Amino acid sequence: MRFRGKRMSGQITVFFALTLTVVCALLLGMVESARTQGARLYFTQAVNSSIDSLFSQYHRKLWKDYRLLGLEHYSDEQLFDEMEQFITPYFEASDWYPEKVREFTVREKYLLTDFDGELFEKEVLEYMKYGVWSSLWDYATAETMLREIGEAGALDRISDLYEGHSKEAARLEEAIEAIVGELDEQKRFYEEALSAVEALSGSRFIRAMRDMKRSLSRLPEKVQNYEEKADRLAEALSVSRSRYEEEKEALSESVRQAMEADIREYEAYVEKNGIRRMEIAGFPARAEANQRFLDEVIADAEEVEDYISSWEPEDEDDELDEEALWSPVRARFLRYDLLSFGGAGGIADKEKEGFLEGVGNLISGNFLELVLPEGADVSKAKLPLTDSPSLTSFSGTDGCRLSLSERVLMGEYTLKVLHYFGRDLYGSHPETKGSGGLEVEYVLNGKETDYENLADTAMRILALREGMNLIYLFSDSEKRAEARTLAFTITGAAGFTPLITVMTFFILGVWALGQAICDVKDLLAGKKVPFLHGRDSFYLSLQGLLMLGQTGRVTETAAGDRGLPYREYLRILLFKNQSSLYEYRIMDMIQMNVKSSQQDFLLDRCIYSLAVQAEAETKHVLASMGMLAAYLPIEKMYTIQTETGLSY
């Protein structure tokens, strides 16, 4: 190198230039590295913002009407297209981070209908916990209510068992009636034979004794029939005793004591060593002995008859003293062991018993027609339940994960957002929701028509009311005394306490059922019914009960100004039977209602939670410049990835 005519060395200049180039490359490489990290952060921010924007597109009607947040979608590709649209403005606004989305991949996607309704539960409870509901029970109330419902259910189940035994006891009394009938026949023929022998009519006397023998020969078969029925009843009572032992812990002490006293009377009724069974069991042997006795008397009577028919007087003054001939036969016949039953047999007033059984028959027919208010019109058309979540998403694993307070909240939500019978008629809720159909009743029963769902709901309330009415009747000594008096009248068994107790129990069960029928009719008419009756609210008299069984019509009604309305009984049923299946049925009704304005709507297209992996293509901006590229031989384009997720 020459400088002003002098030759100079350029080593330092070259070294400095190279050093400067390396330093610049290092600095720009560091800057590129920082930019690369910035690009990743920028991409992550863009993806996070994109999914936020995506989730802001929640279904508006679903939120407005049901306070549920769900992102409706039809495919993953649709979601990716929308996310890419939200990301694009980020890339267009920056040359510093030249990026282009390459692909999205779903890592996790959970729908509102997933996990047996757990996600649906979560959204509902998060909404309900921040509401102010003046009608809600507190924890203590819910716990007390659940205990009382449990006692009512246990008592109702026990009552059903022993009411069935009451009917078996009535059939057993029919077997006794057959025995008593033969004993009465025997007595009638005995009196006829005695009259004949006193009238010195041998042929009539013998004929009456033979009729007695035939009657006595039928007696062992009737006794065997009684014994078989008594043994079957005793075996059934043994099974019921075991069932009672399983259920009795749910009963209060006072109810348990009353139940056990009555059950012991039931068991005494068919005990093998009981006075009644031992007396009846002795009849066949006594009948056999009497038949042998009658054979001997018949033989004596035939001898007398033969003697009289073959007698010829030796002279005209001879007279046959027939009275003297028949006197020994008569004296022997008077020693006959006339069989009789020491107690009353059968049912004295079968008409009243029939009326009571008629009350039970009312619920085996079209019960809903009996209790529906006049003029009420309930649709029998099938509900549009195609593609319902309970059919497409429910796994079949039923159960309840909720605490008592959460069960109350879920029930309140159901009553708030869905329609039910009388909601708009009786003013039981200030705002009318739902389709106008019987949606809460569908949640409880899951049948295809409003009519079937209301009928099943009425039966559920009937069972609850019957159990609660039994609790009241067992605790009211005056009502029990009234029932016992009627039992005396029906059985006519003033001297046989077990039969009276059995009939009393049967009457109490039917009485509780009759009042429950009236209760359900009152509730559907918009009236109120106390959860546990008192003397002033339990209005069905025994006379009214008999009329109910006779006519099949409810004629007595309540004032209806105290107690709980129909809505609260729905709340009780929802609380008592809360399950995952109920939650899917709630979703069925929500979907059905939204579909009325959006035909292709499905809840299993509504996303609750989404996690995605995004991949973008970008390039090294600084490191790809000409001079740096010579020193940093790297790929100009490369990919970056990030993951993000969001839940409502």
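Put a plus charge on the Cβ of each Lys and Arg, a minus charge on the Cβ of each Asp and Glu, and nothing anywhere else: the dipole of the range 481-566 about its Cα centre is then about 60 debye. Straight-line reach from LYS100: taking Cα to Cα under 22 Å and skipping same-chain neighbours fewer than 8 places apart, the lysines in range are LYS619, LYS636. For a straight C-alpha distance cut-off of 15 angstrom, the aspartates and glutamates reachable from LYS380 (same-chain residues fewer than eight places away being disregarded) are GLU369, GLU439, GLU441, GLU448, ASP450, GLU452, ASP456. What the Cβ-Cβ distance of ARG553 and GLU77 gives, at R0 = 60 Å and to the nearest 0.05, is a FRET efficiency of 0.40. Computed about the Cα centre, the dipole magnitude for the chain is approximately 6500 debye when only Lys and Arg (+1) and Asp and Glu (-1) carry charge, each at its Cβ. Site pair ARG286 and LYS187 shows an inter-label distance of 1.2 nm when each label is modelled 7 Å from Cα along Cα→Cβ. Which label marks the calculated value of Cα extents along the principal axes in Å, given the options [x] 189, 67, 36; [y] 66, 63, 55; [z] 208, 51, 44? Computed from these coordinates, Cα extents along the principal axes in Å corresponds to label [z]. A simple spin-label model places pseudo-atoms 7 Å from Cα toward Cβ; at GLU246 and ARG218 they are separated by 4.3 nm.
Ordering GLY422, ALA178, LEU391 by the projection of their Cα atoms onto the charge dipole of the chain, which places +1 on the Cβ of Lys and Arg and -1 on the Cβ of Asp and Glu, puts LEU391 at the extreme positive end.
How do the peptides 113-125, 501-513 rank, highest first, by the average count of neighbouring beta carbon atoms within 10 Å per residue?
Numbers: 113-125: 20.1, 501-513: 26.2.
The packing order, highest mean first, is 501-513, 113-125.
How do 402-413, 385-396, 54-65, 518-529 rank on mean C-beta neighbours within 10 Å, highest first? Before the final figure, lay out each step's value.
On the way: 402-413: 20.1, 385-396: 16.3, 54-65: 14.8, 518-529: 23.0.
In descending order of packing, they fall as 518-529, 402-413, 385-396, 54-65.
Peptides 168-178, 236-246 ranked from most to least packed give 168-178, 236-246, packing being the mean of other C-beta atoms within 10 angstrom over each peptide's residues. Per residue, the solvent-accessible area of the chain (1.4 Å probe, heavy atoms of protein chains only, all protein chains present) comes to 48 Å².
Among the listed pairs LYS248/LYS527; LYS479/LYS576; LYS64/LYS527; LYS382/LYS416, those with a Cα-Cα distance over 27 Å are LYS248/LYS527; LYS479/LYS576; LYS64/LYS527.
Solvent-accessible area assigned to carbon and sulfur over the chain amounts to 51 percent, based on a 1.4 Å probe.
Want the number for LEU41 to GLU118: 0.36 nm per residue separation, take away the alpha-carbon distance, what's left? Please report the intermediate quantities before stating the final value.
On the way: separation 77, 0.36 × 77 = 27.72 nm, distance 3.43 nm.
In short, 24.3 nm is gained.
Once the piece of chain linking LEU320 and ARG232 is laid out straight, how much longer is it, given 0.36 nm per residue of separation minus the C-alpha distance between them? List each step's numbers first, then the result.
Numbers: separation 88, 0.36 × 88 = 31.68 nm, distance 5.95 nm.
Stretched out fully, the LEU320 to ARG232 stretch lengthens by 25.7 nm.
The values are calculated or read from the model by the stated rules, or taken from the named source; none is laboratory data. All values reported here derive from a predicted model rather than from experimental measurement. Cβ sites come from the backbone with ideal geometry, for glycine too, and all protein chains shown count toward neighbours. These accessible areas exclude ligands, DNA and RNA; they are computed on the full protein's heavy atoms, side chains included. Shrake-Rupley method; radii C 1.70, N 1.55, O 1.52, S 1.80 Å.
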